[in-house]
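Inspection log for the structure reproduced underneath, given as structure tokens.
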Amino acid sequence: MGKLIVLSVLVAAVAVLVGERFFALRNITLSYRELTQNHLPNCELIKGIEMGAEDITILEDGLAIISAGLKYPGMPRYSDAPGKIYVLNLPSGGDLTELHIKGDFDAASFGPHGISLYTDEEDGSRYLFVVNHPHKNSQVEIFQYVKEENTLVHVKTIKHELLHNVNDIVAVGVENFYATNDHYFTTDYLKPLEMLLSLFWCDVVYYSPEAVHVAAGGLFSANGINISPDKKHLYVSDLMNHTIVVLNIQKDNTLSRVKEVDVGSLCDNIEVESKTGDLWMGCHPNGGRIILNDPNNPPGSEVIRIQNIHSEEPVVTQVYADNGSVLLGSSVATPCNGKLLIGSVFHKALMCDLE
């Protein structure tokens, strides 16, 4: 009789734990959210983008650099073709152009993820840093961008044990950068435990040729990263925690946490306006749908803007929302000259009027 009571108590305890975790996962992934359409005027799909525009960065001359063809374990994709980097000339309204890669580089296994561009103050050379996942690996590629030739010249591949699940990157030197790891475990079957158990074990890593170290930890799912116009702060999207984390850059390149701003969505990449300091994020309003990728219940898209993030009352605004009828799984959003570019993990890219 005593054994039956103990067994009953154990079964009940397990049932309670499973129920609690199921409820927690529903809240973490925002699987309960239903979107109200909030479209912008004059939206058009960008011709030529057919396998995602996971990250987009705008150069000072109005050129948009776009990474396409992400191949990330556990995420849907519509093509097994090699990934590509494109450039879109926004001022001229020119067509999308693929950047040709030169040098000793395996283009056939290219799987570009987050990107960042750095301009050398000494000679004006521009370097594109690209997170790459060839054969499910995690590494960073550095290319020199030659605008006149529409070319990326491969400079270096960076691998390190601390760069084990890199998602996004922000360059702070010719070979220096901060990068986010979006998982702690490297084994695929262990990664779901992080969300199941709500483990805040992800981090931001600082890399230089002289030193590599964890700059900040304690993140649930470190995703997009970018830097403030004055180069004093980093912004990191803690995707599963639905927050943007503000970090202060210390002299030793470590990061101290300043604050968190709730955004109410699963925000992916972060772009920062150079003049205003406003943050723009492409977000996943319902994480369950992007994981399931059901054509009858498609993942939607959301764009969120944060103004005055360093003030006591930052302004968080939903700028765009779509239930999946136009764009599936938005991952990045960036404004330029009255337009808003919205990219996606594996679908298409959209350009809309902001005014």
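For segment 27-116, run through the GluC sites (Glu not before Pro) and keep only the ones in DSSP coil with at most 12 other Cβ atoms within 10 Å of their Cβ.
E34, E60
Summarise the accessible area of the chain (1.4 Å probe, protein heavy atoms) by the percent that is carbon and sulfur. Numbers along the way, then the final one.
Working: 8550 of 16180 Å².
Its accessible area is 53 percent carbon and sulfur atoms.
Which of the trypsin sites (Lys or Arg not before Pro) found in segment 227-260 are loop residues per DSSP with 16 or fewer other Cβ atoms within 10 Å of their Cβ? All intermediate terms of the calculation are to be shown ahead of the outcome.
Values: sites: K231, K232, K251, R257, K259; in loops: K231, K232, K251.
For trypsin sites (Lys or Arg not before Pro) across segment 227-260 that sit outside H, G, I, E and B with at most 16 neighbouring Cβ atoms in 10 Å, the list reads K231, K232, K251.
Size of segment 31-353 along its principal axes in angstrom, Cα-based, largest extent first?
So the three principal-axis extents are 48, 44, 41 Å.
Cysteines of the chain lacking any other cysteine beta carbon under 4.7 Å?
Cys with no partner Cβ under 4.7 Å: C202, C336.
Using 7 Å Cα-to-Cβ label points, what is the E44/V315 separation (nm, one decimal)?
Between E44 and V315, the simple spin-label model gives 3.0 nm.
How far is helix 2-28 tilted, in degrees, relative to the longest principal axis of the Cα atoms in the chain, given as a value from 0 to 90 rounded to the nearest 10?
With both axes taken from Cα atoms, the answer is about 30 degrees.
How about K84: which lysines have a C-alpha closer than 30 Å to its C-alpha, ignoring those fewer than 8 places off in the same chain?
Cross-link targets: K47, K71, K102, K136, K147, K156, K159, K191, K231, K275, K339, K348.
Show me the ranking of peptides 133-144, 306-317, 339-350 by mean Cβ neighbours inside 10 Å, starting with the highest. Mind dumping the intermediate values first?
Working: 133-144: 18.1, 306-317: 13.2, 339-350: 25.1.
Going by the mean number of other Cβ atoms within 10 Å, highest first, we get 339-350, 133-144, 306-317.
Among the trypsin sites (Lys or Arg not before Pro) within segment 271-305, which fall in a DSSP loop and have no more than 15 other Cβ atoms within 10 Å of their own Cβ?
Those satisfying the criteria are K275.
Using a ≥ b ≥ c from the Cα gyration tensor of segment 102-183 (square roots of the eigenvalues), is it rounded, prolate or oblate, where a/c under 1.5 gives rounded and otherwise the larger of a/b and b/c decides, a/b for prolate?
The shape class here is oblate.
Of all beta bridges DSSP finds with both residues in segment 31-353, what is the antiparallel percent, to the nearest 5?
Of those bridges, close to 95 percent are antiparallel.
Could you state the accessible area per residue of segment 31-353 in Å², with a 1.4 Å probe and every protein chain left in place? Display every interim value, and only then the final one.
Details: 13550 Å² over 323 residues.
On a per-residue basis, segment 31-353 sits at 42 Å².
What is the calculated FRET efficiency for E260 to S79, with r their C-beta to C-beta distance and R₀ = 30 Å, to the nearest 0.05?
My answer for the efficiency is 0.25.
The values are calculated or read from the model by the stated rules, or taken from the named source; none is laboratory data. Everything numeric in this text was worked out from a predicted model, so none of it was measured. With ideal geometry, Cβ positions are generated from the backbone for all residues, glycine too; neighbour counts draw on all protein chains shown. Keep in mind that these areas ignore ligands, DNA and RNA; they rest on the heavy atoms of the full protein, side chains included. Shrake-Rupley method; radii C 1.70, N 1.55, O 1.52, S 1.80 Å.
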